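All remarks here apply to the structure that follows.
Read the figures in this text as sums done on the coordinates, not as results from a lab. If you're wondering where the values come from, they're calculated on a predicted model, not measured in any experiment. Every residue, glycine among them, receives a Cβ derived from its backbone with ideal geometry; neighbour counts consider all protein chains shown.
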Amino acid sequence: MSLICSQLKVSFKKIKNIFTESSFESLIAIVNFVPNLAGFSIRRKKIAAPFWILHLSLLLYVYGVGCLVYQIKVADGAEDFIKNFVNVSLLILIFNISWWWLNKRPLLLETLQLIENSDVEARTTEENLREKHNKMLHRIKIIVLIFYMTNCTNAACIYLPNRINVSNEYSMALCVGLEPITVTPNGQICSALLCIQELTIMIAVLNYQTLMLFIISHTATMYHMLAEELMSFNVYTNLAENQALVKERLPIFIKRHSMILSTCDNLKSLYSLSLGVDFGSNAICICLFFYLSLQEMVKYMPILIYCVLAFFLYCFLCQKLMTASEVFERAVYSCGWENFALNEKKMIYVMLRQAQKPVIILAADIVPVNMYTFATTLQTLFKFVTVVKL
């Protein structure tokens, strides 16, 4: 009994430290909590197959077979096909994210290692900047927790109850082969299958977005930290002492900048294709939504809200990263390099040339992901829908 109590105390202390500490380890523990339980921890090279076998099998059965049978046997008229294509676009989006989890794992592990190394280097700075580093990480933790809990609450209270209700068809054939699903026990079996499917979808999609939120936010934070440290070279009382400090610290800053640039390159490889597919499926969902009648719009409103918010999240995060890189570029130019020794001036020049290259993540290597893209896309969709509705 005492052994169990001691283990519970240790577990409680670990959980308390995760939520009270502002560190890379605590952030990773939060982001990795659900994936670790599901068997695809972001800290391990291998994944457990049962979750993905269950998830992909049900995805193919519930969405794939359900949409196909609905189009062949049930759909009658343009509105039915449009409603079904919303589910098809959701199928594409979910499969794309599932493929990402399975295919991008080596690059994801490499990126997380780069981020961890960059964070370790950032913690070796001066005391006042370490406090700012902790505050920034604490802010990221709050944002991640709010995002995760808000989406979980929305899914549990609104999305999940509607999706597992067998009386709501959502324009696809539910549980093909279990007809009729209005009788016992077929209805209960179908509800259980739908519930398991939607839970696995929530785990895959929500943790994909949470991980993206963490990685991009942390990379932007590293840019801001490095900019602050470079600007500290401008504050000095003795020129000789400052030049000695620059000679000591500048190579470390160059190393950290190199790690951040490598992280950004990995981010482009990690998310380019998946963001392209997500953008396409979200745009299709939003366009098709406005073809529906008012009664059907209300039924599909949670899906529309998700598509718009996901689109906004991707654009907002990538905009923050781009803005942070621009802040760093200005800091490099304004760090007082004119007072450095010749060798350090050359190093600053090389760093400035690298910093002047824009950090832009492209969806499908074509569309820049930023707030301008978000605004212009919504504007274009509004014009398109207005013309169609006339």
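Tabulated values for the structure
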item: For region 149-190, diffusion coefficient by Stokes-Einstein and Kirkwood Rh (Cα), 37 °C, 0.692 mPa s, µm²/s; result: 289
item: Volume per residue that the Cα convex hull of region 260-329 spans, once the total is divided by residue count, Å³; result: 83
item: Candidates Lys83, Lys73, Lys135, ranked by Gaussian network fluctuation over the chain, Cα under 10 Å, top entry; result: Lys73
item: Convex hull of region 221-295 built on C-alpha atoms - directionally averaged projected area, nm²; result: 8.3
item: For region 248-390, alpha-carbon Rg over 2.2 N^0.38 Å; result: 1.45
item: Region 46-172: relative contact order in percent, alpha carbon pairs under 8 Å with at least 6 residues between; result: 42
item: Sites Ile196 and Gln295 - FRET efficiency at Förster radius 30 Å, r taken between beta-carbons, to 0.05; result: 0.55
item: Leu37 versus Phe312: modelled label distance in nm, points set 7 Å from Cα along the beta carbon direction; result: 2.8
item: Cα pair distances exceeding 23 angstrom across region 77-222, given as percent; result: 54
item: Segment Asp76-Asn103, extension gain: residue separation times 0.36 nm, minus the distance between their alpha carbons; result: 5.9 nm
item: Dipole of region 102-191, positive direction: furthest Cα of Ile146, Val183, Leu102, with charges on the beta-carbon; result: Ile146
item: Mean residue ellipticity (222 nm) of the chain, computed from DSSP H runs ≥ 4 via -39,500 (n - 2.57), nearest 500; result: -26000 deg cm²/dmol
item: Region 261-390, relative contact order in percent, only Cα pairs under 8 angstrom and at least six apart counted; result: 38
item: Whole-Å distance, taken between Cα centres, linking region 300-319 and region 114-182; result: 13
item: Student exercise, the chain dipole from Lys, Arg, Asp, Glu Cβ charges, in Debye to nearest 20; result: 580
item: FRET efficiency, Glu110 to Ile143 (Cβ-Cβ, R0 30 Å, nearest 0.05); result: 0.75
item: Other-chain or far-sequence residues with amide H under 5 Å of Ala363's (modelled H); result: Val369
item: Rounded FRET efficiency, nearest 0.05, which uses the C-beta distance separating Ala375 from Thr237 and R0 of 41 Å; result: 0.30
item: Spatial separation of Cα centroids for region 211-281 and region 19-91, in angstrom; result: 33
item: GNM top mover of Glu338, Glu110, Glu21 - the chain, alpha-carbon springs below 10 Å; result: Glu338
item: Folded to 0 to 90 degrees: helix 301-333 orientation relative to the chain principal axis, Cα; result: 10
item: Folded to 0 to 90 degrees: helix 24-38 orientation relative to the chain principal axis, Cα; result: 20
item: Helix 342-355 axis, angle to the chain major axis (alpha carbon atoms, nearest 10°); result: 10
item: Debye log10 I(q)/I(0) for region 301-383, one point scatterer per Cα, at q = 0.12, 0.22, 0.25 Å⁻¹; result: -0.51, -1.00, -1.15
item: Difference of contour (0.36 nm per residue) and Cα-Cα distance, Ile15 to Thr150; result: 46.6 nm
item: Spread of Cα-to-Cα distances over 5 Å intervals beginning at zero, given as percent, for region 140-243; result: 2, 10, 14, 13, 10, 9, 8, 7, 6, 5, 4, 3, 3, 2, 2, 1, 1, 0
